[in-house]
1. Those residues that are under 17 Å from Ser6 (Cα atoms) and surrounded by fewer than 15 Cβ atoms within 10 Å (Cβ to Cβ), I need them from the range 178-207; list them, please.
2. Looking at (1) surrounded by 21 or more Cβ atoms within 10 Å (Cβ to Cβ); (2) within 20 Å of Val144 (Cα to Cα), can you tell me which one Ile73 breaks?
3. Can you name the number of the only condition in (1) of a type outside the set (Ser, Thr, Tyr); (2) in contact with a strand residue (DSSP E or B) (Cβ under 6 Å, 6 or more places away or on another chain); (3) farther than 30 Å from Met186 by Cβ; (4) buried (at least 22 other Cβ atoms within 10 Å of the Cβ) that Ala87 fails?
4. For the condition surrounded by 20 or more Cβ atoms within 10 Å (Cβ to Cβ) and either out of contact with any helix residue (DSSP H, G or I) (no Cβ under 9 Å at 6 or more places or on another chain) or touching a residue at least 60 places away in the same chain (Cβ under 8 Å) (or both), what is the one hit in Gly117, Gly31, Gly15, Gly43?
5. For residues that are assigned to a helix (DSSP H, G or I), out of contact with any strand residue (DSSP E or B) (no Cβ under 9 Å at 6 or more places or on another chain) and surrounded by 15 or more Cβ atoms within 10 Å (Cβ to Cβ), tally how many sit in the range 97-112.
6. For the range 155-167, indicate whether the set of residues that are of a type in the set (Asp, Glu), in contact with a Lys or Arg (Cβ under 7 Å, 6 or more places away or on another chain), at pLDDT below 95 and farther than 23 Å from Ser47 by Cα is non-empty.
7. Working only within the range 199-219, note down all residues that are of a type in the set (Val, Ile, Thr) and either closer than 15 Å to Tyr242 by Cα or in contact with a Cys (Cβ under 8 Å, 6 or more places away or on another chain) (or both).
8. Is one or more of the residues making up the range 192-211 under 13 Å from Leu23 (Cα atoms), at pLDDT 95 or above and under 18 Å from the mean Cα position of the chain (by Cα)?
Amino acid sequence: MAKVISVTNQKGGVGKTTTAVNLAYYLAKAGKKTLLIDFDPQGNATSGLGVDKQKIQLTMADVAMESSSLDQIIMPTAYKNFFLAPATPILANTEIQLAQAERRFSRLKSAIESCKGNFDIIVVDCPPSLSLLTVNGLVAAQYVLLPVQAEFYALEGLGQLLETMKLVRKGMNPTLELLGVLPTMMDSRTTLCGQVHEEIKKHFPGKVFSSTIPRNIRLAEAPSHGLPIGAYDRFSKGARAYKAFTKEVLGRVNI
């Protein structure tokens, strides 16, 4: 049965989607049959893999509203073992409709249950907010992966997310655990970066990954070409960092 990892942080611009896409890519490269679920109405994981959102018939909005099953919308990517469940901005309207719906917190979990046996690992890219969609991501997951930008306000608002995780654990998903914290956009030339890194380690003892993701031009360029970093420039600093990070993830989830 697939292990489910939700990548989340309610703060935007922390490298959340970049992490979801590149983790999924390197998991697939490691021979794990991987599904990336784009559950963010911005649909950046979808376009970041070169998919034209105008041409998609069925998306995660249909799955959330239960008018399609998850396996009906899954599409192969250009990479072996790597599959995508796409999203478009329609998902934002779906969230409004979901607010009054039955089982509104567990729609994603039910959808994933139906095809859990087909994959080794499922990565969910959640929206940058503590929304109904994010709660669905937490209810459906075994693990939460938290990318945190190495900057002054990095830890602001994380208390709220951890509180939400605690509530989800209490009410709907008792086995939910924090897989780890990934420092992103690290610039080793600045003192502040080092200080923030130490601060993150203090807040999450034993949970911060050894790998850190650097600020890297190639990493920033890759999505505009519709490519994961490993396909765009596999020798770049960003690619090497995500490859090393994926090894750590595989060690922690034991698959």
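1. Of the range 178-207, the ones under 17 Å from Ser6 (Cα atoms) are 178-184, 207.
Matches in the range 178-207: Leu178 only.
2. (2)
3. It fails just one condition, (3).
4. Working: Gly117 fails: surrounded by 20 or more Cβ atoms within 10 Å (Cβ to Cβ); Gly31 fails: surrounded by 20 or more Cβ atoms within 10 Å (Cβ to Cβ); Gly43 fails: either out of contact with any helix residue (DSSP H, G or I) (no Cβ under 9 Å at 6 or more places or on another chain) or touching a residue at least 60 places away in the same chain (Cβ under 8 Å) (or both).
Only one candidate qualifies: Gly15.
5. 3
6. Looking for residues that are of a type in the set (Asp, Glu), in contact with a Lys or Arg (Cβ under 7 Å, 6 or more places away or on another chain), at pLDDT below 95 and farther than 23 Å from Ser47 by Cα, one finds none in the range 155-167, hence no.
7. Scanning the range 199-219 gives Val208, Thr212, Ile213, Ile217.
8. Taking every residue of the range 192-211 in turn, at least one turns out to be under 13 Å from Leu23 (Cα atoms), at pLDDT 95 or above and under 18 Å from the mean Cα position of the chain (by Cα).
The values are calculated or read from the model by the stated rules, or taken from the named source; none is laboratory data. What you are looking at is a predicted structure, and each value in this text was computed from that prediction instead of being measured. Positions of Cβ are generated from backbone atoms using ideal geometry, with glycine treated the same way; all protein chains shown enter the neighbour counts.
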